[in-house]
1. Select from the stretch 46-84 the residues that are away from the ligand (no atom under 13 Å from the Cβ) and polar (S, T, N, Q) and write down the one among them that is farthest from residue 101 (Cα to Cα).
2. Go through the stretch 127-167 residue by residue and tally those that are within 11 Å of the ligand (Cβ to nearest atom) and under 14 Å from residue 179 (Cα atoms).
3. Determine whether the stretch 296-313 contains at least one residue that is among the charged types (D, E, K, R) and away from the ligand (no atom under 16 Å from the Cβ).
4. Of the residues that make up the stretch 393-410, is at least one among the hydrophobic types (A, V, I, L, M, F, W, C), under 20 Å from the mean Cα position of the chain (by Cα) and surrounded by 15 or more Cβ atoms within 10 Å (Cβ to Cβ)?
5. If you take the residues in the stretch 173-189 that are more than 14 Å from the ligand (Cβ to nearest atom) and open to solvent by less than 70 Å² (accessible area, probe 1.4 Å), which one is farthest from residue 140 (Cα to Cα)?
6. I'd like to check something: does the stretch 144-163 contain any residue that is open to solvent by 10 Å² or more (accessible area, probe 1.4 Å), farther than 27 Å from residue 309 by Cα and aromatic (Phe, Trp, Tyr)?
7. Pull up the stretch 46-78, narrow it to residues that are of a type in the set (S, T, N, Q) and part of a helix (DSSP H, G or I), then point me to the one that is surrounded by the most Cβ atoms within 10 Å (Cβ to Cβ).
Amino acid sequence: MAPNGANKDDASIKICIAGAGMGGLACALALAQAGHRDITVYETASNLGFVGAGIQLAPNMARILDHFGVWKQISAEAVQCADTSIREGSTDKELGHVKLDYVEKQYGYPHMVGHRASLAGSLYGGCKNESERITFKFSSTISQATFFPKPKFTVTPREGEPYQVECDVLLGADGVKSNTRVAMLKELDETADVEDTGQAAYRIMLTRDQMKNDSELLALIDADSVTRWIGEKRHIIAYPIANKTIYNISTAQPDTNFAAATNATYTTKGSKSEMMKVYGDYCPMIHRMLDLVPDREVCEWKLRVHAPLSTWVHGSMALVGDACHPTLPHLAQGAAQAIEDAAVLGVVLAPKRIADAKPETINKALKIYESVRKERAEALVELAAENGRSMHLGQGKAKEERDKVFAALKSGKGPVPDKWADADIQRMIYGHDCVAEAEKACREAGFTAKLD
Ligand SMILES: Cc1cc2nc3c(=O)[nH]c(=O)nc-3n(C[C@H](O)[C@H](O)[C@H](O)COP(=O)(O)OP(=O)(O)OC[C@H]3O[C@@H](n4cnc5c(N)ncnc54)[C@H](O)[C@@H]3O)c2cc1C
């Protein structure tokens with residue numbers, strides 16, 4: 001039996017997934033475990049791609065990964081966060097300190113931080129355990145999708161001739177530069193151009209060895225803390241990963257390296273001297289930390305989003321993850337939301353719910369997916385943007401007000417301005433069981449299967 005109780009011998013339909021990022025991998029795994037037997041994942045990159053950075057593993061993500069059976073190995077090398085410290089970048093003065101040790105008790109899973117390679121690798125490993133059900137086609141780009149009567153698209157392999165594929169369900173998990181979104185919007189006569197947020201992120205990983213001769217830096221990698229240093233229009237967030245062998249540093253600052261925004265993942269080599277300049281007025285400890293980065297290892301990500309879409313679903317096709325709700329990293333929820341998408345798709349597309357394989361039944365399932373996911377994911381997109389605005393305030397009334405709220409935290413009172421650490425926001429994000437919500441929505445829509 002699959003984890004959700006599906007009988008693995010159930011008949012299956014042909015499902016194609018564009019993209020093997022967190023969203024695509026999680027979809028493949030969720031659908032295989034739901035009992036589907038014919039799943040193909042097409043990925044432009046020749047392998048799992050760029051995963052050289054850390055990622056926050058929030059409890060809402062952990063709950064799903066555990067349901068998938070892959071959380072144990074991820075958590076084994078992740079670091080559990082005991083607290084978060086929000087500090088002034090220029091002085092290192094602590095503005096706010098929030099304990100996170102209650103999270104596990106309240107939500108069943110701790111707040112952890114880990115390596116992207118561990119998350120992607122474990123999801124991929126889960127998929128490999130389902131290799132009779134899931135096929136991966138790397139170096140293969142999907143384009144020119146049409147959707148009626150069934151989804152049909154062109155696959156362009158890096159070597160060889162392009163070919164056409166028709167399927168029963170197409171999931172567009174092809175990231176913020178999604179071709180499937182563009183094709184869908186074209187048929188709907190709509191647009192949602194990718195917007196420049198004006199922000200970019202440096203992503204840096206320092207080894208314990210690089211930090212070992214500096215006691216202040218060693219204390220950082222040894223702490224079970226997520227630290228955010230804030231300043232006008234920019235911040236740095238950092239935490240130890242990989243059993244504290246690596247210190248992961250991620251930043252956000254005005255995007256000035258415009259020329260470099262053209263590749264598929266919006267990543268590029270950044271300039272170390274530019275980075276040192278951007279954080280020039282930060283405190284000496286941060287200068288020493290950034291200065292440890294070897295010259296050619298500054299990786300810069302462009303942060304891109306697009307306006308909310310009118311729909312995520314078109315016929316038997318649905319968008320997933322950054323393809324439909326690209327989320328700024330300031331709430332640490334983008335991948336978590338892509339994984340929630342996948343878990344919900346595993347419920348609504350359970351083989352027994354769509355046993356007749358009719359396009360109208362599949363569309364009904366996907367519409368339920370949209371009804372469970374769209375409002376929530378888009379609310380978190382907005383919350384992440386709002387958190388960035390609040391953390392990036394410059395001198396003025398708004399900053400004074402924010403810092404008063406931080407100050408009140410010292411006596412244990414009030415909301416946390418850095419929203420991911422606020423108890424009410426956590427209740428909304430971590431307390432949400434998307435699988436239970438999806439099952440409820442199916443029941444309410446009369447979309448019940450023998451599984452129920
Ligand atoms: C600096 C930064 C920090 C972040 N930190 C966190 C965090 O702490 N926690 C968190 O939950 N989230 C975080 N996120 C967000 C998270 O990384 C993304 O939301 C998540 O990776 C999106 O996954 P995805 O699968 O939707 O898209 P992607 O990861 O972009 O994957 C899309 C995949 O599709 C492939 N592809 C693209 N086009 C095609 C095509 N036409 N055909 C075939 N394949 C294609 C791409 O090569 C890629 O592998 C962060 C993001 C950034 C930028």
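1. 73
2. Qualifying residue count for the region: 10.
3. Yes, that holds for at least one residue.
4. no
5. Residue satisfying both the conditions and the ranking: 188.
6. Scanning the stretch 144-163 turns up at least one residue that is open to solvent by 10 Å² or more (accessible area, probe 1.4 Å), farther than 27 Å from residue 309 by Cα and aromatic (Phe, Trp, Tyr).
7. 60
Listed here are the residues, each with its yes/no results for (1) open to solvent by 30 Å² or more (accessible area, probe 1.4 Å); (2) under 18 Å from residue 62 (Cα atoms).
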position	(1), (2)
342	no, yes
348	no, no
352	yes, no
356	yes, no
362	no, no
373	no, yes
381	yes, no
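The values are calculated or read from the model by the stated rules, or taken from the named source; none is laboratory data. This structure is a prediction, so every number in the text was calculated from the model and none was measured. Virtual Cβ from ideal backbone geometry, glycine too; neighbours counted across all protein chains shown. Surface areas here come from the heavy atoms of the whole protein model, side chains and all, with no ligands, DNA or RNA. Shrake-Rupley method; radii C 1.70, N 1.55, O 1.52, S 1.80 Å.
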